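The values are calculated or read from the model by the stated rules, or taken from the named source; none is laboratory data. Bear in mind that the values here come from a model prediction, so they are computed numbers and not experimental data. Ligands, DNA and RNA are excluded from the accessible area calculation, which covers all protein heavy atoms including side chains. Shrake-Rupley method; radii C 1.70, N 1.55, O 1.52, S 1.80 Å.
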Amino acid sequence: MLAGILTWLGFKKEAEEEDPVVSVIKLGILNLQKKEYDTAENILHLALKLAQERQDMQAQRYIFDVMANVAFEKGDYPKAEKLFIQVTKELLASGTSFDDNAIVEISLKLASIYSYREEREKAEKGFQFCINTQQSKLDSMNLGNVSDLSDHEKDTVLLWAMCVDWYARYLLALGMLKEAKENFQKALNISERINGLSHPQTLVLLNDIGSVNSLLNEYDLAIDNFKKAIKRSNESESPDLPAFYCNLGATYLQSGNIEKGEEACKTALRLARRMNHAVAEEDATECLKELNMHKVH
């Protein structure tokens, strides 16, 4: 990530140790990744002050972008929206084209903010702009052999998949299950090809499709997708493994297979405790309670 920041800011590689702005930005991003949002915000304000002192507009713009992401992750959507719009205006003013990946990624986050606020018309327009913009880039690319793609082309394809994935979540929240499943499947196909079969994002998408299958009462398909996610998780030691077992157990329960449901939920509970996964432990405990109620009846 630091290498990307350096390139973005136009610094030479050897400046990595010396440049104070880059060091402070790196620290801010590290705290963002650790979900320590208030600390990240304070550090980024320091980075902004340093960038302003030397009148480095490119660094300032990048810092505002990271600050917008902190606000977005924190759930402070009014601040995130304001910062994202500011960064977009500055990027466009600096000559960045409206269909640039950076603009599309910001637009996707804005569409997501509008979806959280139930501003459906703005959300729909935003998601469609992102998907259509990336799709037009994909149409001019040869996706036959992924290994032939440049890093920028891979980023472009993955951003398309991210747009489709987020749109699927939006559709799911609206109860449009079949449309959501269709979009999750598109995102999964690309993630499998570019990221690989056991990549965390691929596994999450498999799990999401399984969850939609379950909501559509497609229990056999749901079980198949959860089992795939579990098999691939075992190969990559995914931290989401307890959650996948939990979803498998719940689906077995819904389909009337109490015995297999109990087995999966017990496995989920054991793994959740071993991996200190509090949410999965709570879900697995609930799953077992529900199973016991079914046994009584």
If you check GLU235 against the conditions, is it open to solvent by 60 Å² or more (accessible area, probe 1.4 Å) and either within 23 Å of ALA250 (Cα to Cα) or in a helix (DSSP H, G or I) (or both)?
yes
Looking only at the stretch 204-229, filter to residues that are open to solvent by 10 Å² or more (accessible area, probe 1.4 Å) and of a type in the set (Val, Ile, Thr); which one of those is modelled with the lowest pLDDT?
VAL204
Of those in the stretch 176-199 that are assigned to a loop (DSSP other than H, G, I, E, B) and modelled with pLDDT under 95, the residue most open to solvent (accessible area, probe 1.4 Å) is LEU197
Pull up the stretch 81-134, narrow it to residues that are assigned to a helix (DSSP H, G or I) and among the aromatic types (Phe, Trp, Tyr), then point me to the one that is nearest to ILE63 (Cα to Cα).
PHE84
